[in-house]
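Notes follow the structure.
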Amino acid sequence: MTEPVTALNDDLFNQLKQEPFVLLHTIDADTGSPTSSAISWIYAVDRTTLRFAIDGRSRLSANMSSNENVSVTVFAPGSVQTVYGKAALRSEALEEVPFKLVCFDIEIGHIRDAMFYGARLSTLPAVVKTYDKRAADKLDGQVFAAMKKA
């Protein structure tokens with residue numbers, strides 16, 4: 001049996017430094033069912049910690065307050081990886097952001113290759129923001145700056 005991977009390798013670490021599109025999975029606080037949501041305000045603080053921001057009114061926030069176990073699906077060069085860990089509230093409000101965002105850290109427990117056997121991811125998912133690009137870039141800059149200060 002191989003040792004579990006408990007830290008981000010170079011590819012994942014670099015991918016998580018570039019405003020990636022990921023899927024955040026939580027356990028619904030009311031139903032106990034798994035949930036999945038796309039987020040992009042996430043980055044690797046270091047090789048064992050991820051940090052992300054979400055709307056403070058989000059169901060995700062309630063879910064993680066009820067059950068700290070989460071996973072994040074990362075579309076990495078050539079593969080899909082799932083990071084499992086425990087989420088902890090880092091900040092109840094990010095300063096200098098025009099609306100209430102909360103910030104969570106994920107302490108990485110282990111990482112698993114989630115790509116099915118015999119396949120390789122040929123391209124990374126691409127996201128196009130559908131509102132004013134300048135406004136989107138400004139907001140992204142504010143959020144990431146605030147997350148780094150949290």
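So that you can scan it fast, the table gives a plain yes or no per residue for (1) closer than 23 Å to K100 by Cα; (2) loosely packed, with under 14 Cβ neighbours inside 10 Å:
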{"site": "L12", "(1), (2)": "no, no"}
{"site": "T31", "(1), (2)": "no, yes"}
{"site": "A53", "(1), (2)": "yes, no"}
{"site": "S58", "(1), (2)": "yes, no"}
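Looking at region 66-99, which of its residues are among the charged types (D, E, K, R), crowded, with 17+ Cβ neighbours inside 10 Å and more than 14 Å from D55 (Cα to Cα)? Passing the criteria: only E68.
Only residues that are touching a residue at least 24 places away in the same chain (Cβ under 8 Å) and hydrophobic (A, V, I, L, M, F, W, C) were counted in region 112-125, giving 4. Is it true that E107 is surrounded by 12 or more Cβ atoms within 10 Å (Cβ to Cβ), in contact (Cβ under 8 Å) with a residue 24 or more places away in the chain, within 22 Å of I27 (Cβ to Cβ) and of a type in the set (D, E)? Considered against the rule, which asks whether it is surrounded by 12 or more Cβ atoms within 10 Å (Cβ to Cβ), in contact (Cβ under 8 Å) with a residue 24 or more places away in the chain, within 22 Å of I27 (Cβ to Cβ) and of a type in the set (D, E), E107 comes out as yes.
Here L94 fits the description: touching a strand residue (DSSP E or B) at 6+ places or on another chain (Cβ under 6 Å), without any contact (Cβ under 8 Å) to a residue 60 or more places away in the chain and within 18 Å of L139 (Cα to Cα). Among residues of region 13-34 that are within 11 Å of R59 (Cβ to Cβ), those with a beta-carbon under 6 Å from a residue that is of a type outside the set (S, T, N, Q) and not in a helix (DSSP H, G or I) at least six positions away or on a different chain give the pairs T26/V70.
When region 111-147 is filtered for residues that are assigned to a helix (DSSP H, G or I) and loosely packed, with under 12 Cβ neighbours inside 10 Å, the ones remaining, listed by number, are K133, R134, A135, D137, G141. Starting from residues that are free of Cβ contacts under 8 Å to residues at least 12 places away in the same chain and small (G, A, S), keep the ones in region 127-150 and report whichever is nearest to V45 (Cα to Cα). Filtering region 127-150 for residues that are free of Cβ contacts under 8 Å to residues at least 12 places away in the same chain and small (G, A, S), the one nearest to V45 (Cα to Cα) comes out as G141. Scanning region 7-25 for residues that are closer than 26 Å to S65 by Cβ and modelled with pLDDT of 95 or more turns up L8, V22, L23, L24, H25.
The values are calculated or read from the model by the stated rules, or taken from the named source; none is laboratory data. Every value quoted in this text rests on a predicted model; they were computed, and no experiment measured them. When we count neighbours, we look across all protein chains shown, and the Cβ atoms used for this are built from the backbone with ideal geometry, even at glycine.
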